[in-house]
1. Over the residues of the chain, compute the C-alpha Rg and express it relative to 2.2 N^0.38 Å.
2. Helix 80-91: angle to the longest alpha-carbon principal axis of the chain, degrees 0 to 90, nearest 10?
3. Does anyone have the angle between helix 187-201 and the longest principal axis of the chain? Alpha-carbon axes, 0 to 90°, nearest 10?
4. Pop out the carbon and sulfur fraction of the accessible area of the stretch 198-326 as a percent, whole number, probe 1.4 Å.
5. Only Cα pairs within less than 10 Å get springs; with that Gaussian network setup on the chain, which residue of Glu59, Glu85, Glu306 has the largest fluctuation?
6. As a test of the formula, what do you get for the chain when each DSSP H run with n ≥ 4 contributes -39,500 (n - 2.57) and the sum is divided by the residue count, at 222 nm and rounded to the nearest 500 deg cm²/dmol?
7. Once you have a ≥ b ≥ c as the square roots of the Cα gyration tensor eigenvalues for the stretch 1-149, tell me rounded if a/c is under 1.5, and otherwise prolate or oblate according to whether a/b is larger than b/c.
8. Among Val199, Ser293, Pro38, which residue has its Cα furthest toward the positive end of the charge dipole of the chain, with +1 on Lys/Arg Cβ and -1 on Asp/Glu Cβ?
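The values are calculated or read from the model by the stated rules, or taken from the named source; none is laboratory data. As the structure is a computational prediction, the values presented were derived from the model and not from experiment. With ideal geometry, Cβ positions are generated from the backbone for all residues, glycine too; neighbour counts draw on all protein chains shown. We work out accessible area using only protein heavy atoms, side chains counted, and drop any ligands, DNA or RNA first. Shrake-Rupley method; radii C 1.70, N 1.55, O 1.52, S 1.80 Å.
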Amino acid sequence: MGESSAEAVRAASSAVLAIVNPVARGGRGAEVWRRAEPALRAGFPGLELAETTAPAHAETLAAEWARRRPDGIVLVVGGDGTVHEAVNGLLGDGAATGPLGVVPSGTGNDFARSTGVPLDPAAAVERLARWLRSGPARTVRRIDVGRLTFRDWSGAARTRLFLNSVSVGVSPTANRIAQGLRGVVPGPLRYPLGGVAAVLSGGAELYRVTSGGAVRFEGEALNLTIANGPTFGGGLRISPGSSLTDGVLEQVIIGRLGAARALLALGRLYGGTHVTMPGVSVTPVREALTIESVGGAMLAEADGQEFEIEGPLTVEPVPAALSLLA
């Protein structure tokens, strides 16, 4: 949605917090931070460090920072899950106005991939250093997010923001299987193996998608994704035409397919060519929509995070909500 040099000038002189997930990708996060710390401290004098110690800790740390330093910079050293938590902490109550920087050290790193942040941590740190050196020419990019509203299986009302995508159907099952393969299968292989297992073990379900009183989709689907960025699952191009800066989400539906065609669609996700297959549709989402399952309960996955949903799930775009160091 654009770039801002005025924001960048303010950011360059702001306080900085590094949120580090030391156990990202089986402990890789700690090693990435060890290598990145000297350069980041040289570039951001007075940088504060906070390491996560449990799930959802990054969200707590970011929320506390937003209240204390609403215009401060947050640097996340971690994967998509850590970035997801940090963004929910920063934007959850609308307090934060400062930008985000990312040094990817997770397994999927789809947010970095979709925003042009180098997947190599050393290159990502150098990119941040170049941003600092660029002086008056430095800019901050505005990034879209998506908002989820639902009730969990306990009946509690929940609101979450997502960066990459949210899915129901096969994708959450694949993600759950992939998480169960931690420590057994190398990171880059977990998502495709989880996808194969999910396709072979599950089938299509009945969904109804509505928006503004109109029915967008009603029928059986193997998977239903609302995408903000082009990839999920560590580079699978679920919505190849998506952009995090156009203010629009995309609805990607993979309909009822037999096992052979479903596996073919899974394989074609790497190149994004599944969207040309019969039974697959992609349509833009410019306003809030609601997803309902005939079964009532749904398992959803957003940015690799799992949510158990009872009843309808509402998804809406939130254009230009997040500032990202360009």
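1. It is 0.97.
2. 70
3. So the helix axis and the longest Cα principal axis differ by about 20 degrees.
4. Exposed carbon and sulfur together represent 53 percent of the surface.
5. Comparing Glu59, Glu85, Glu306 in the GNM, the peak value goes to Glu306.
6. -10000 deg cm²/dmol
7. Judged from the Cα gyration tensor, the stretch 1-149 comes out rounded (a/c under 1.5).
8. Pro38
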